[in-house]
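Engineer: Before I ask anything, let me first share the structure, which is written out below as structure tokens.
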Amino acid sequence: MTTLTDRTADAPLTLSATGGIDRAAHHRMDEAWLAAAWSHPTTRAFVVSGGQALIEDRGDGRTELVLMPSFDAPFTEAHRYFLGVDEDGVRYFALQKDALPGRMDDIARPAGLREAGVLLSARDAELMTHAVGLENWQRTHRFCSRCGERTVIAAAGHIRRCPACGAEHYPRTDPAVIMLVTDEQDRALLGRQVHWPEGRFSTLAGFVEPGESLEAAVIREVAEEAGVTVAEASYVGSQPWPFPASLMLGFTARATSPEIQVDGDEIEEARWFSREDVRAAIESGELLPLSGISIAARLVELWYGEPLPRPGRLPKP
């Protein structure tokens, strides 16, 4: 079965490749262990703020997350989140602050996941994705949804506990399906959202509703957005998408009818593309390249059969 790590794509799916981090969740409630881990000389930490962290270009083609020994970390007025342990026993923490520290040198700069995700190693991308997801949840869920009391952080950043009613609240993840739909001619259905510029097309996607299976969500979303009836929804792979708190679940599906009728609310235009259509449209500039960080690009590449061509880098026929 074709997977998202096959050589039909440039690299394993961004933000999904394992970086060798054991989240070690059994330590999150062990305050003595966490204190000892924070004090260990090999422990590394980084600051996350507003979905950004500091990264640095090493000059040899590598870009790294700016990690510092925990005893050098700006811990004052910061929330500390335990992220896990790597294969060498190094512990990692993220510090949530209202602002990133000043640039540590001439090559360090702030970046969000959309930029950093395609530059960082699998380990650093995994750490940053975990930290950004926790930071967003912590910033937006400060009060108890049961009684309205301000909650406190527990479990090294993975629980918010209400001191008034005792309720425990956990990080939120919203499942969303994203699907590459093909017809009987093996053409791909791509749509353009209403707020996107001309030429930006991608796969259809939408959130899973309460009480709904993933396969049912695929069928419903394609029908709602493009008016196309589909069947044979097959799971391909997933990608964490903390923008702000989603998990993208990739599918392929087969259309039972080629007629398109867009909803006009989310999707302004949708078209069937053959592989030749995609190549010609990218070459002419009519079709903008899909974002390299997104699972959408990998789904399209799986159908296309090889990495998508890029303007200016198209091989000769």
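Derivation of every value follows stated rules applied to the coordinates shown; laboratory data play no part. Remember, predicted model here, so these are calculated numbers, not experimental data. So basically every Cβ, Gly included, is an ideal-geometry build from the backbone, and we count neighbours across all protein chains shown.
Engineer: How about the stretch 53-114: which GluC sites (Glu not before Pro) there lie in a loop by DSSP and see at most 10 other Cβ atoms within 10 Å?
Structural biologist: Counting only loop positions with at most 10 other Cβ atoms within 10 Å, the GluC sites (Glu not before Pro) in the stretch 53-114 are Glu77, Glu87.
Engineer: Restricting the calculation to Cα positions, tell me the Rg (one decimal) and the Dmax (whole number) of the chain in Å.
Structural biologist: 21.8, 69
Engineer: Suppose the chain between Arg200 and Ala36 were pulled fully straight at 0.36 nm per residue; how much longer would it get relative to their current alpha carbon spacing?
Structural biologist: Once the chain is fully extended between Arg200 and Ala36, it gains 54.0 nm.
Engineer: Further question on the same structure: Based on DSSP, what percent of beta bridges with both residues in the chain are antiparallel, to the nearest 5?
Structural biologist: Taking every DSSP beta bridge with both residues in the chain, the antiparallel ones total about 75 percent.
Engineer: With every atom except the alpha carbons ignored, what do you get for Rg and Dmax of the stretch 217-317, in angstroms?
Structural biologist: Final numbers for Rg and Dmax: 14.9, 43 Å.
Engineer: Looking only at Arg279, Arg114, Arg58, which one moves most when the chain is put into a Gaussian network model with springs between Cα atoms under 10 Å?
Structural biologist: The residue that fluctuates most here is Arg58.
Engineer: Still on this structure: Write down the percent of antiparallel bridges among all DSSP beta bridges whose residues are both part of the stretch 174-304, to the nearest 5.
Structural biologist: Of those bridges, close to 70 percent are antiparallel.
Engineer: Given a 10 angstrom Cα cut-off, can you work out which residue in Asp183, Asp60, Asp72 is the most mobile in a GNM of the chain?
Structural biologist: Maximum among the listed residues: Asp60.
Engineer: Kindly state, to the nearest 0.05, the FRET efficiency for His141 paired with Asp60, given R0 = 51 Å and r defined as their beta-carbon distance.
Structural biologist: Details: r = 41 Å, r/R0 = 0.80.
Efficiency, rounded to the nearest 0.05: 0.80.
Engineer: Also: Within the stretch 171-202, list the residues whose amide N lies under 20 Å from a label point set 7 Å along Cα→Cβ of Ser213.
Structural biologist: Under cut-off, by backbone N: 175-182.
Engineer: Based solely on C-alpha atoms, express the radius of gyration and the Dmax of the stretch 124-278 in angstrom.
Structural biologist: Final numbers for Rg and Dmax: 19.3, 62 Å.
Engineer: While we're on this one: Specify the inter-centroid distance of the stretch 135-188 and the stretch 17-59, based on alpha-carbon positions, in whole Å.
Structural biologist: Going from one Cα centre to the other spans 21 Å.
Engineer: How high is the FRET efficiency from Asp263 to Glu306, r the C-beta distance, R0 51 Å, rounded to 0.05?
Structural biologist: Given R0 = 51 Å and the Cβ-Cβ separation, E is 0.95.
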